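Derivation of every value follows stated rules applied to the coordinates shown; laboratory data play no part. Note that this is a predicted model, so its numbers are computed, not measured. In this analysis, Cβ positions are derived from the backbone assuming ideal geometry, glycine residues included, and neighbour counts consider all displayed protein chains.
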Amino acid sequence: MEFFALGHSELAFQVGGKKTDHGNGNRYIILPPGQGNSWIIDLHPDPDLVVSNAYFTLPYPVTFQYNTQQHFLWLCFFESGDATIIEKGKKPKKLQTGGIYVFVSQGRPFKMVFNHTERILYTSILITADHIARYFQNRSGEEPFAAADALHWLSTQYNTPELAMAFEQLKYGIRWAIAPPMYFEGKVLEILGLIRCNVKHEVYCKKHTEKQMRNRLTYQNKKYIWQVKAALDEDILNPPTIEQLAIIAEMGTTRLRQRFKGLYRVTIAEYIRREKMKYALQLLGNDDMSIHNIATTLGYKSASQFTAAFQKIHSVTPSHFRKSLGL
């Protein structure tokens, strides 16, 4: 059977998953002993497109190999868990909680290694290069885009609040599975369109930033800034002070602010706000939590203060976003 028709079925069956129909696709129920309900959902809005939502705990580590000669893009919003991508000839890539990832397959197999120590939660898109090419066949007025172009995308171009929101909406669309295939194709095109917009904006900014050469970072500088970001990501709700981050970076606070912004295109304070608001998207998907409780969890003094911050980042209120999820 063709790889895209299989979706996650081989992974599900490896751990004793049971297949049921779910909208325009399949739901695999996984029930590890003592681990509670788990699932993997694959929807197939097109033969060359699979959108998936995974929420499972494994009884033991599992390796899932993607075997296909097709060229495709894999986009993933990885919300929690312990997983690593392994591709021949490249360093293993461990997925970080809360990160958005883009992987370009050029017809070679690659592996996903899932550990059993944490619950795995992610939403993903598999789309073939042929599907993308067909989209542009009758659109002569639009600049063409090929799947291989994604090899040149930067993490900062797709790890953004608007992409996190789009993936969150896709997640609940998959779970409810009541929307027509057109909705899921449209959401995937929206996500790709947002990334392409960010790529264009990045190129424009580089051409018009006079300080680019002066603020160029050495590899050693980058290593220190990566350590700073890791310290922030470890507990984004209670981040280290700027003074503590300066000690990690082995530089003064002013230079740290400049170099962090030079690498990530946002200030440290803005990065913290954006990551909190990405986490807020996940909390709003839990209808057991009131908006007041979410505001308190995120460190805001009131629900109105949280609402203003959320709307500034995502352009909608928390209430409207929650309604868009059908909650």
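Summary of computed values
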| item | result |
| --- | --- |
| Residue-by-residue Karplus 3J(HN,Hα) for the stretch 239-254, coefficients 6.51, -1.76, 1.60, Hz, glycine and proline x | x, x, 6, 4, 5, 5, 5, 5, 5, 4, 7, 6, 7, x, 5, 5 |
| Using θ = phi - 60° and Karplus 6.51 cos²θ - 1.76 cosθ + 1.60, couplings along the stretch 108-121 (whole Hz; Gly, Pro as x) | 10, x, 9, 10, 10, 10, 9, 8, 9, 7, 9, 5, 8, 9 |
| 5 angstrom amide H check on Gly99, placed H, neighbours 5+ away | Phe78 |
| Karplus-derived 3J(HN,Hα), 6.51/-1.76/1.60, for each residue of the stretch 68-80, Hz, glycine and proline x | 7, 8, 6, 8, 8, 9, 10, 10, 9, 9, 9, 8, 6 |
| Cα→Cβ-extended label distance, 7 Å offset, between Tyr219 and Ser324, nm | 4.2 |
| Extreme residue, positive dipole direction of the chain, given options Phe145, Ser324, Gly16 (C-beta unit charges) | Phe145 |
| The stretch 267-327 - Debye-derived log10 I(q)/I(0), Cα point model, q = 0.15, 0.21, 0.23 Å⁻¹ | -0.38, -0.75, -0.90 |
| Label point distance in nm, Ala177-Cys197, each placed 7 Å from Cα along Cα→Cβ | 3.1 |
| Dimensions (Å) - the chain, Cα atoms, principal axes, largest first | 57, 46, 39 |
| Label-point gap, in nm, between Thr267 and Gln311 - each point 7 angstrom along Cα→Cβ | 2.2 |
| Total charge dipole magnitude, the chain, about the Cα centre, Cβ charges on Lys, Arg, Asp, Glu only, Debye to nearest 20 | 1180 |
| In degrees, nearest ten, helix 219-234 long axis to first principal axis of the chain (Cα) | 70 |
| Computed FRET value (nearest 0.05) for Ala148 with Lys19, which takes r as the C-beta separation and R₀ as 51 Å | 0.90 |
| Restricting the stretch 67-96 to trypsin sites (Lys or Arg not before Pro) in coil, as DSSP defines it, with at most 10 other Cβ within 10 Å | Lys88, Lys90 |
| Selected from Asn286, Ser315, Thr297, residue furthest toward positive end of dipole (the stretch 267-327; charges at beta carbon) | Ser315 |
| Qualifying GluC sites (Glu not before Pro) in the stretch 106-188, DSSP loop, other Cβ atoms within 10 Å at most 14 | Glu118, Glu142 |
| Among Asp48, Asp288, Asp130: highest mean-square fluctuation, GNM of the chain, C-alpha pairs under 10 Å | Asp288 |
| The chain, helix-only ellipticity at 222 nm - DSSP H runs n ≥ 4, -39,500 (n - 2.57), divided by all residues, nearest 500 | -13000 deg cm²/dmol |
| Relative contact order of the stretch 29-92, pairs being alpha-carbon contacts under 8 Å that are 6 or more residues apart, as % | 20 |
